[in-house]
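Q: Below is the structure I would like to discuss, written out as structure tokens.
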Amino acid sequence: MDQSSRRTILKAGLAASLTAGVPALAQEVRPPVFAGMHTPKPLTFDPSKLVGLSERLVMSHWENNYVGSVNALNMIEERLAKAMQDPDVHQLVYAGLKREELHRTGSVILHELYFEGLGGDGQPTGGMAIGIAQAFGSFEAWQAEFMRTARALGGGSGWVMLSYNLYTKSLHTYWAPDHMHNATMGVPLLALDMYEHSYHMDYGTKAMQYVDVFFKNVDWKIVNQRYTRARRMSEI
Ligand SMILES: [Fe+2]
């Protein structure tokens, strides 16, 4: 049997298995993995109350960049669902879809971690404060290392994360040049967006002024909860 005939039979078989005995409406149901039903999470704080970050900047970031990524992820999942029924999608087209799936998934999750980590008083608390001091020598030493990492990204783009690594069972400051470079087994506890869109409206090119005010708004209670959850996960 030639390749073309094999593909035709495969497509027919796949289509038949998807449609056999199924009412027309149900044929539109996608597999859960490509449901494309992500919905934006609302801000958990009053954007007019942050220290040193304007409501205009925060709302623009949330609406245009975060919600934009949620919508894009839904669209990519819709296309991946359709591609499951079409074995003839070219591998280069499929590569683009898979790359964009990874890119948008990272963007959505990291933005949610970023926004949910804001709205606090900037005062480290609980086990997280102790854990940072034990891992880095002191909270101030960690903060200096985190800011140094952010400075290395200033003028570029990407993320700085305080993460708990499930494999090494230890805290780290990880650097990510885009939405797709999370350290293997690293669970982000605190995420700092260093893409220009997160500060340029208020601070122009003065990225480190933005990093200073970021720390004044961190909700360490949330970060502490994430740390507790991550340590539990590492024991499973
Ligand atoms: Fe962003």
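Q: If you fit an axis through the alpha-carbon atoms of helix 207-216 and take the longest principal axis of the Cα set of the chain, what angle between them do you get, 0 to 90°, nearest 10?
A: 80
Q: Calculate for the chain the 222 nm mean residue ellipticity that helices alone would give, adding -39,500 (n - 2.57) per DSSP H run of length 4 or more and normalising by residue count, nearest 500 deg cm²/dmol.
A: It lands at -16500 deg cm²/dmol.
Q: Short version: ³J(HN,Hα) in whole Hz for each residue of region 180-191, in order, from phi by Karplus 6.51 cos²θ - 1.76 cosθ + 1.60 (θ = phi - 60°), x for Gly and Pro, what are they?
A: 10, 10, 6, 4, 4, 6, x, 9, x, 9, 9, 10
Q: For region 53-236, take every pair of Cα atoms, bin their distances at 10 Å starting from 0, and report each bin as a whole percent.
A: Distribution as computed: 9, 34, 33, 17, 6, 1 percent.
Q: Using a 7 Å offset from the Cα along the Cα-to-Cβ direction at both HIS90 and THR168, what is the distance between the two label points in nm, to one decimal?
A: Computed distance between label sites HIS90 and THR168 equals 4.2 nm.
Q: Hey, another quick one. Would you kindly find the accessible area of LYS221, with a 1.4 Å probe and non-protein molecules such as ligands, DNA and RNA excluded, rounding to the nearest 10 Å²?
A: Counting only protein heavy atoms, LYS221 exposes about 130 Å² to solvent.
Q: Between beta-carbons, use under 12 Å as the cut-off and find the net charge around TYR199, counting Lys and Arg +1, Asp and Glu -1.
A: Surrounding charge for TYR199 is -3.
Q: So for the chain, averaging the separation of alpha carbon pairs under 8 Å that are six or more residues apart and normalising by length, what relative contact order in percent results? All intermediate terms of the calculation are to be shown ahead of the outcome.
A: On the way: 306 pairs, mean separation 52.1, N = 236.
Value for the chain: 22 percent.
Q: Set the Förster distance to 22 Å, then compute FRET efficiency between ARG30 and ARG99 from the Cβ-Cβ distance, nearest 0.05.
A: 0.60
Q: In addition: Run the numbers for GLU235 and HIS200: contour at 0.36 nm per residue of separation, minus the present Cα-Cα distance, in nm. Walk me through the numbers before you get to the answer.
A: Numbers: separation 35, 0.36 × 35 = 12.60 nm, distance 4.11 nm.
That pair, GLU235 and HIS200, stretches by 8.5 nm at full extension.
The values are calculated or read from the model by the stated rules, or taken from the named source; none is laboratory data. Bear in mind that the values here come from a model prediction, so they are computed numbers and not experimental data. All Cβ positions, glycine included, derive from the backbone under ideal geometry; neighbour counts span all protein chains shown. For accessibility, only protein heavy atoms count, side chains too; no ligands or nucleic acids. Shrake-Rupley method; radii C 1.70, N 1.55, O 1.52, S 1.80 Å.
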